[in-house]
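The values are calculated or read from the model by the stated rules, or taken from the named source; none is laboratory data. Owing to the predicted nature of the structure, the values given are computational and were not obtained by experimental measurement. Cβ coordinates were reconstructed from backbone atoms using ideal geometry, including for glycine residues, and neighbour counts include every protein chain displayed.
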Amino acid sequence: MEQNTSHSDNGFFDKFGGKYVAEVLRRPLDELEIAFTDAMKDNDFLEELDLIRRDYIGRETPLYFAPTATKLLGGAQIYIKLEGLANTGAHKINNAIGQCLLAKRMGKKRIIAETGAGQHGLATAAACAKLGLDCTIYMGEVDVRRQQPNVAAMELYGARVHPVTSGSRTLKDAVNEAMRDWAANPDTTHYVLGSALGPAPFPDIVREFQSVIGREVKRQAAERGIKIGAMVACVGGGSNSIGFFEPFINEKKPRLIGAEAGGIGPNVGENASRMTGNAARDGIMQGYKSRFLLDEDGQALPTRSISAGLDYCGIGPQLAALGKKGRVEFTSVLDRDALDAVKFFARNEGILFALESAHAGAAAIKIAREIPSDQAIIINMSGRGDKDVFITSPVFRPNEWLDFLHAEIERLEGGTDIHEAKIMGGKK
Ligand SMILES: *Cc1c(COP(=O)(O)O)cnc(C)c1O
């Protein structure tokens, strides 16, 4: 893997990472590692991946100069990597397609994945539809309820969404259930993990498939003579940020900045700040060692963020190591600052950030004056904000939104649409 300069040392990034799993998962993880290493040296595989990236995902994505933001912020030149223009609306498709293609090469016809907010489930369902693979998505029952639009989309792509009823019935439990399924069916099934975390070799695999973002940025900046002062990305599990940073990790510059969810404040339960928060500790969970929000007994603490994609108690091990070393700086962005950033870029640049990505936007707004005007800040817009209309509307236009919902319920309960749905063979 000559293009990748930041590969783990036998699954470890300094003291983080590893493969802390039950015996039954060792063989599938080892086989996956061998298959992945092989595939990355196979020109046929890499060429097929490149073609799918171009024609299906829509790569390369633009590096957009934001003239109004640059003028208003009064410091660095502001550039935005428009990853949200990728098919399905976010960076997650880069990893989903890569892993599904790898599974196909391994002769596996069945794909499983976990999802929390639904974005990774959606990308995986789309990748399976495109590549002709059977797809089951594990999703906590609580998340199934609150993320209905994404559940509907996954089903449209032909995936089965399996509600998980154990534990807190959210993402953590969906991961456990997917691991269990994989351990029981390793010969037929590949588990597409959704971020740059989990047991080795997943952090290396996910970073590799996402590093297409950073490699494009490096080439685009070089072609246009852009001098990069800082790169900013939001950090949930860490896949868009590590892929965006990858080609720069072993260089001294530019500054690499990760924006975590600051939620509504600094107290336990109010945020998801694994690097900058009060309750952040080293720990081992779900197969890997990293920084987590844990209580004294090592149990996961509740987290909070307006952006579902950043609302997770763990961070990828490579980012934890890079944070400790100081190569990646971390900052925490409050919900309200992320909402302001959504408005700022929508009004001034005509670009609608996903709430997750708006954390990176807000961090860039904060530091724009620290960077000289002959240098650029590049923001990774990991996703577009169309998906967030159910969250932003109640904040930006609460009364109108409530009226709309009441009217919709009335229309659906009393109106002719239900009869039409029945004629069409719909359930309800
Ligand atoms: C899922 C998601 C994230 C967070 O996940 P990472 O693995 O940290 O990238 C960020 N942005 C968007 C748009 C997402 O869907």
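For the reader, a short list of remarks on this structure follows.
- Restricting the range 86-122 to residues that are among the polar types (S, T, N, Q) and within 11 Å of the ligand (Cβ to nearest atom), the residue that is farthest from the chain's Cα centre (by Cα): Thr88
- Only one of Arg336, Arg411, Arg369, Arg347 that is within 21 Å of Met231 (Cα to Cα) and out of contact with any Ser or Thr (no Cβ under 7 Å at 6 or more places or on another chain): Arg369
- Every residue from the range 165-180 that is farther than 26 Å from Val389 by Cα and either among the aliphatic types (A, V, I, L, M) or in a helix (DSSP H, G or I) (or both): Asp173, Val175, Asn176, Glu177, Ala178, Met179, Arg180
- Here the range 42-85 is the region considered, the condition is being within 16 Å of the ligand (Cβ to nearest atom) and not charged (D, E, K, R), and the residue that is surrounded by the fewest Cβ atoms within 10 Å (Cβ to Cβ) is Gly58.
- From Leu51, Leu25, residue being of a type in the set (A, V, I, L, M, F, W, C), at negative phi and out of contact with any Phe, Trp or Tyr (no Cβ under 8 Å at 6 or more places or on another chain): Leu51
- Within the range 132-159, the residues that satisfy the criterion of being part of a helix (DSSP H, G or I) and exposed (fewer than 14 other Cβ atoms within 10 Å of the Cβ) are Arg145, Gln148, Pro149, Ala152, Glu155, Leu156.
- Qualifying residue in the range 147-168 (condition: within 23 Å of Leu301 (Cα to Cα), β-branched (Val, Ile, Thr) and touching a residue at least 12 places away in the same chain (Cβ under 8 Å)): yes
- Members of the range 192-210 that are in a loop (DSSP other than H, G, I, E, B), within 12 Å of the ligand (Cβ to nearest atom) and among the hydrophobic types (A, V, I, L, M, F, W, C): Leu193, Ala196, Leu197
- Pairs, first more than 26 Å from Arg26 (Cβ to Cβ) and away from the ligand (no atom under 16 Å from the Cβ) in the range 286-310, second part of a loop (DSSP other than H, G, I, E, B) and of a type in the set (D, E, K, R), C-beta under 7 Å, six or more apart: Leu301/Asp295
- Pair list, Cβ < 8 Å and 6+ apart or interchain, from the range 87-110 residues that are more than 14 Å from Gly194 (Cβ to Cβ) to residues that are hydroxyl-bearing (Ser, Thr, Tyr): Asn87/Tyr56; Lys108/Thr188; Lys108/Thr189; Lys109/Thr188; Arg110/Thr136; Arg110/Thr188; Arg110/Thr189
- Test: residue in the range 162-178 that is modelled with pLDDT of 95 or more, among the β-branched types (Val, Ile, Thr) and more than 18 Å from the chain's Cα centre (by Cα): yes
- The range 218-262: number of residues that are away from the ligand (no atom under 16 Å from the Cβ) and touching an Asp or Glu at 6+ places or on another chain (Cβ under 7 Å): 2
- The residue list Ala221, Ala183 contains one member that is surrounded by fewer than 24 Cβ atoms within 10 Å (Cβ to Cβ), touching a residue at least 24 places away in the same chain (Cβ under 8 Å), in contact with a Leu (Cβ under 6 Å, 6 or more places away or on another chain) and not in a loop (DSSP other than H, G, I, E, B), which is Ala183.
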